[in-house]
Amino acid sequence: MSTSLTGRYPVMPLRDIVIFPGMVAPLVVGRKNSIQALEHAMEERSLIFLITQKDAGVDEPREQHLYTHGTLASVMQLLRLPDGTLKALVEGKRRAKVASFMEDEAFFSAEIIETPDLEADGPELMAYSRELHKTFDQYSKSNKKIPAEVLKSVNTIENPSRLVDVICSHLFLKTEEKQELLQTLILPERIRRTLEILYREMELSELEKAIHAKVKKKMADTQRNYYLGEKIRVIQSEMGQGDGVDELVDLEQIIEKKKLPKRVLDKVRKELRKLKQAPPMSAETTVMRNYIDTIVSLPWKEMTRGSIDIDKAEVILDEDHYGLKKPKERILEYLAVQVQVKKIKGPVICLVGPPGVGKTSICKSIARAMNRKFARLSLGGVRDEAEIRGHRRTYIGAMPGKIIHAMQKAGVVNPVFCLDEVDKMSVDFRGDPSSALLEVLDPEQNDSFNDHYLDLDYDLSNVFFITTANNLDGIPLPLQDRMEIIRLSGYTEEDKLKIAERFLLPKQLKANGFHADDIHFSERAFLELIRRYTREAGVRNLERTLAAICRKIARERLKCNEPDRKYRLSLHSIGKYLGVPKHRYGLAEEQDGIGLATGLAWTQVGGELLQIETTLMPGSGKMIVTGKLGDVMQESAQAALSYVRSRAMRLGLEPEFYQTVDIHVHVPEGAIPKDGPSAGITIATSLVSALLKLPVDRQLAMTGEITLRGRVLPIGGLTEKLLAAKRGNITRILMPKQNERDLKEVPQKIRNSLDITLVDHVDEVLVRALIVQDGCELFKNVSMESIFKDVTLSAHNTPAH
């Protein structure tokens, strides 16, 4: 036997299949290394060495997991499938064995030695070939799995080596037996071994036929049972109970027609057999029927065949929503990634913003842009884990969870699924629904979501989940970790004007039976509605106000019997339909006040102006804080007072000033709960103003957390706070210097309309906020800046600004 080193070839391990020379076989390849080996062989027009694994369960085989003998093959065709796998058509060429393995970065390769047949010229080969032809012909007649074309092809082969390899490739043997035949290099011995296998298989076939005859004989009993069953059905029909039997027949046909996964089909067939045997009036019958109906009505493989067009998606988002530039960009970027990777698996989007800014409607627009069906589930008030996962069938009235129910209504396995108000869930003794959502929203787990009612794994990995929330505080951190947060800020006055003109008014005119030109609002009329009749971050109340005007005009039309009358509403005619304005536009104070400072607050409905009042009374040093303040805000007031006491000498106050006065800090409106640290510098300014009897600039608002050393720390909700300042007719803003990076997220129009000053110490705030009046003895010969010039900003003696 002469062997020589043939060369180095890429290696592809095979599972449960042995490729023989001359054999053409399709292979579905999913492993990354194998895909790269195939692509390399295709690109280089090289052969590939196909070698079988000893254990098919090993996902990443090494040298010790592989046989040493295999087949050099050519790659005839490659086809990439939608799920990322490759379908390859290969043809075995020659036997070979491994001389040495080499593990490249991308795939296995090996030095290969070809192993030709031994004793391939003996005189007995002709006799062996004839016996092999005859035996395989007998075997194919007893085994119906061998196609007639294969038999014809085998009969035309004269070469003994090629003949035995083709026959071996069509035998239904274990992998170990096929590998043994592949490794047998002595040709006569390989033919003898193949003949032994054929004789054995024919004997087994004869034995199976004998067993089949016995089973067929017993089938007579089954036929008898069927006959009796038919008689029972006729009797039930005569008694008026036949409809149920017909329904079961129809249900069985529906089950067989519906494309169900094998595990699901086995389960539903088992339940159907139980249902057929159960008494019609039994309570268990209803439970089993409802269960089967639920499984049949669920989508298991039905999908919306749609593609994502980024340009079309952008047009749709702009058509449906005005503004929201940043969220739209993030959504389009997200969709662009989905186009590239050809799958939806990835982080879940969470839209966070105040009410009325279009979170739910933008979800519908995303579904329209992706050409998918839309499903929505409101989680507000959900407090039972069973509402997500369903109830077990042992309970009376058990039902699947809301997730499965929504998938039933959607009818496809890949809808855009909106989980609305995800921050409004609560917890009680029945479980934590947010914990149940962890599996639903985790891309690594939701391909096998297990609903308690179904007791089957359901694949949610194709669903595009989008959640909405007003506030991240209500969402547990593990759930936040599974979502990509996109913030939607409140609308500016200009945005609301455009939205009212383009979207809200046409919608309300149509809803109330008007033509497009029946009612016209001037720009000043719209601004009057926005400024004096609504105060919100979104546009929900603005839409209600427009609807109220349309209803009043509709009534007026009918009352005056003027159905064709056109209405032109101006600034002065708004009050006729809506009455006295509900809000005063421009919340800035009419005059500068002592002890009165304006802060900026963030709430769930957007930004708000916060008036903080301080008054002094003779007393014993008590500090009273009112206005329904939370613990954090009360602590901010204490920190502000401690800072003022530490600066008493600099401010020209007696060191023991606090012992002779009571200080009362109040934050209107008293019935509304307030909390958070961002009012710290506002409280400090109000305190200093009251103690020094210096007024605070009414056109200035501020926000920032205070420390005992007077440092101003960063805050959140900056965009909403600045929008509130703009709505309140404030012109100057003091904000933490560390929030400078957040200014980029604020709309350019808002930034340009406000005089924004960045500060990092309370002394800077006081210099800019307090108004030194003429004749003030305290500051008669000294400027405000000089009072605070030696301030130490930190423990590192950073000089003050």
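The values are calculated or read from the model by the stated rules, or taken from the named source; none is laboratory data. Please read these numbers as outputs of a predicted model, since none were measured by experiment. Reconstructed Cβ throughout: ideal geometry from the backbone, glycine too, with neighbour counts over all protein chains shown. For the accessible areas, the whole protein counts, side chains as well, though only heavy atoms, and no ligand, DNA or RNA atoms are used. Shrake-Rupley method; radii C 1.70, N 1.55, O 1.52, S 1.80 Å.
Annotations
- Extension gain, Glu149 back to His133 (0.36 nm per residue minus Cα-Cα distance, nm): 4.3 nm
- Nearest-ten-degree value, helix 125-142 long axis tilted from longest Cα axis of the chain: 60 degrees
- Cross-link table Lys496/Lys674; Lys507/Lys566; Lys328/Lys496; Lys507/Lys559, entries beyond 22 Å C-alpha to C-alpha: Lys496/Lys674; Lys507/Lys559
- Size of the range 461-500 as Cα extents on the principal axes (Å, biggest first): 39, 27, 11
- The convex hull of the Cα atoms of the range 510-554, projected and averaged over all directions, covers 3.3 nm².
- The relative contact order of the range 357-459 comes to 34 percent, based on Cα pairs under 8 Å that sit 6 or more residues apart.
- Beta bridges per DSSP with both ends in the range 645-757, % antiparallel, nearest 5: 25 percent
- Dividing the Cα radius of gyration of the range 563-704 by 2.2 N^0.38 Å, with N the residue count, gives 1.36.
- At R0 = 25 Å, FRET efficiency that the Cβ-Cβ distance of His212 and Asp55 yields, to 0.05: 0.15
- Remark: for residue pairs Lys54/Lys141; Lys87/Lys262; Lys498/Lys552, the C-alpha separation exceeds 26 Å in Lys54/Lys141.
- Helix 32-44 and the longest principal axis of the C-alpha atoms of the chain enclose an angle of approximately 70°.
- Accessible area of the chain divided out per residue, in Å², using a probe of 1.4 angstrom: 52 Å²
- Asp250 paired with Glu176, simple spin-label distance in nm, labels 7 Å along Cα-to-beta-carbon: 5.4 nm
- Sorted peptide list for 78-88, 553-563, criterion being average Cβ within 10 angstrom, highest first: 78-88, 553-563
- With Cα atoms, 0 to 90° folded angle of helix 160-169 axis to the chain main axis: 50 degrees
- Comparing Asn143, Leu571, Thr467 along the charge dipole axis of the chain, the residue lying farthest to the positive side is Leu571, per the Cβ-charge model.
- Fraction of the pair-distance distribution of the range 1-104 above 22 Å, Cα-Cα pairs, percent: 25 percent
- Placing dummy labels 7 Å off each Cα toward the beta-carbon, the span from Arg162 to Leu79 is 2.7 nm.
- Legend: P(r) of the range 274-401 from all alpha carbon pair distances, 10 Å bins from 0, whole percents, reading 9, 29, 25, 20, 12, 5, 0.
- The chain: relative contact order as a whole-number percent, Cα under 8 Å and 6+ apart: 7 percent
- DSSP beta bridges in the range 594-714 [antiparallel fraction, %, rounded to 5]: 75 percent
- Contour minus Cα-Cα distance for Ser426 and Ala278 (0.36 nm per residue): 49.2 nm
- Normalising the average separation of contacting C-alpha pairs (under 8 angstrom, six or more residues apart) by the number of residues puts the relative contact order of the range 432-533 at 20 percent.
- At R0 = 25 Å, FRET efficiency that the Cβ-Cβ distance of Glu302 and Ser435 yields, to 0.05: 0.25
- Projected area, mean over directions - the range 460-530, Cα convex hull, nm²: 8.2 nm²
- Order of exposure, largest accessible area first, which applies to Lys274, Lys267 with probe 1.4 Å: Lys274, Lys267
- The dipole here belongs to the chain: it is taken about the Cα centre, uses +1 on the Cβ of Lys and Arg and -1 on the Cβ of Asp and Glu, and is about 2460 debye.
- Taking the Kirkwood radius as Rh and the Cα radius of gyration as Rg, the chain has a ratio of Rg/Rh equal to 1.16.
- Surface share of carbon and sulfur [accessible, 1.4 angstrom probe, percent] for the range 1-123: 47 percent
- A P(r) calculated from all alpha carbon pairs of the range 534-638, with 10 Å bins opening at zero, reads 10, 28, 23, 17, 12, 7, 2, 0 percent.
- Fraction of beta bridges assigned by DSSP in the chain that are antiparallel (%, nearest 5): 60 percent
- Here Leu477 and Asn450 are evaluated by their C-beta separation; at R0 = 25 Å the FRET efficiency comes out at 0.55.
- Computed magnitude of the charge dipole of the range 128-214 (debye, nearest 20; Cβ of K, R +1, Cβ of D, E -1): 220 debye
- Distance between the modelled labels on Glu635 and Lys257, one decimal in nanometres: 6.6 nm (7 Å Cα→Cβ projection).
- With a cut-off of 18 Å on the backbone N, the residues of the range 282-305 near the modelled label site 7 Å out from Arg392 along Cα-Cβ are 287-288, 291.
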